[in-house]
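For reference, the structure discussed in these notes is given below.
The values are calculated or read from the model by the stated rules, or taken from the named source; none is laboratory data. Here the structure is a predicted model, which is why all the values come from computation and not from measurement. Counting neighbours? That spans all protein chains shown, and the Cβs are built from the backbone with ideal geometry, glycine included.
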Amino acid sequence: MSLTDPVLLAVGLLIAAGLAWAAVVAGRRRTAALTAAGVAAGGTGRGRAGVWLTIAGLAVLALAVAGPSATVPVSHASGTVILAVDVSGSMAATDVAPSRLDAAKRAALSFIAAQPASVDIGVVAFQQGGLEAALPTADHATTSAAVQRLKTGGGTSLGDAILASLSAITHRTVAIGRDGSLPDIGYWPSATIVLLSDGQDGGSDSAAGSAGSAAASADSDPAAAVAQKAGVHIDTVGVGTTGGTTVEVGGYHLFTALNQATLTSISQATGGSYRPASDASELDGIASSINLRLTVTNEPLPLAGAFIALALALLAAGAVLTVTRTGRLV
């Protein structure tokens, strides 16, 4: 327990101690006088109890005036969330109406609206190389506007998207060393990356075959390892259908389908979770239900009210006993 003004407590306790000393002296004198007069002093107990309850009430009141408070742990959603939204050419596919990107944007906006002001939210739109759209901020209106501006174009690199998101979290450039070494970016346990993508990877939207998946593993695994080492969870949301569809990119008609394996691998590597979705309404529900990391902070709990209530109870009890014994309040 801590006190806002311990001086007031010291003054109050000195006053209470002075009153206690005066009560003891007065009691002894009264007892001596009654004894000298040949009167038994045993009937004064109720009156003395009233005095002592009154003094105790004053002491407790002095403690209340000093502003006592206790520190209690409080859990709440806080920290930083980066919405990493895939804006590659394959996200123009319409197997999720009206398109994968439009559905992802709607889900992202729903997620932003569901978060408390204690959560800073940023946006990373990732094509090849990762494009930071908005730094993390408590101004969720700014974040929503950044999401609404997103348009498709370019290729996809999930690894670069993760690194760009980590750069937004740490406010410094995060990159894999040329020798493949992983950077040490510190520990960020209250940060989360929510990656909305169809899982197509490899830096281009050829989006077909196992070659794309192999490139995905080689590209995204080191970036996910950096996030895992820093304590950053990555929750992935699959946008699209496993049945897939064709999309026109650069004049070519390419087949594209949801790559659940890549997105699942990324989330599992960082302690996050993968959520598949095959339509826009399901995406809305998934994005809104993502559980953020709970941060425990120590916050002061004022105790003055409780001590004032106790003091009033003691003073009232002392007054009742005094009136019952003497017929006078003072």
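The table below lists the values:
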{"quantity": "Filter pass, Thr44 being touching a Gly at 6+ places or on another chain (Cβ under 6 Å), among the hydroxyl-bearing types (Ser, Thr, Tyr), part of a helix (DSSP H, G or I) and modelled with pLDDT under 85", "calculated": "no"}
{"quantity": "Residue in the stretch 272-280 that is assigned by TED's automatic domain parsing to the domain that holds Ala97, in a helix (DSSP H, G or I) and at pLDDT below 80 present", "calculated": "yes"}
{"quantity": "Hits in the stretch 99-125 - residues which are of a type in the set (A, V, I, L, M), buried (at least 18 other Cβ atoms within 10 Å of the Cβ) and in a helix (DSSP H, G or I)", "calculated": "Leu101, Ala103, Ala104, Ala107, Ala108, Leu109, Ile112"}
{"quantity": "Residue among Asn298, Asn291 that is modelled with pLDDT under 85, closer than 27 Å to Thr80 by Cβ, assigned to a loop (DSSP other than H, G, I, E, B) and of a type outside the set (Ser, Thr, Tyr)", "calculated": "Asn291"}
{"quantity": "Qualifying residues in the stretch 186-214 (those that are acidic (Asp, Glu) and modelled with pLDDT under 85) - the one farthest from Thr264 (Cα to Cα)", "calculated": "Asp205"}
{"quantity": "Matching residues, the stretch 139-191, being aliphatic (A, V, I, L, M) and either assigned to a loop (DSSP other than H, G, I, E, B) or without any contact (Cβ under 8 Å) to a residue 24 or more places away in the chain (or both)", "calculated": "Ala141, Ala145, Ala146, Leu150, Val174, Ala175, Ile176, Leu182, Ile185"}
{"quantity": "Filter result for Arg100 (of a type in the set (D, E, K, R) and farther than 17 Å from Val249 by Cα)", "calculated": "no"}
{"quantity": "The stretch 247-258, subset buried (at least 19 other Cβ atoms within 10 Å of the Cβ) and out of contact with any Asp or Glu (no Cβ under 7 Å at 6 or more places or on another chain), residue nearest to Ser190 (Cα to Cα)", "calculated": "Ala257"}
{"quantity": "Residue check, Ser167 at pLDDT 90 or above, small (Gly, Ala, Ser) and over 24 Å from the mean Cα position of the chain (by Cα)", "calculated": "no"}
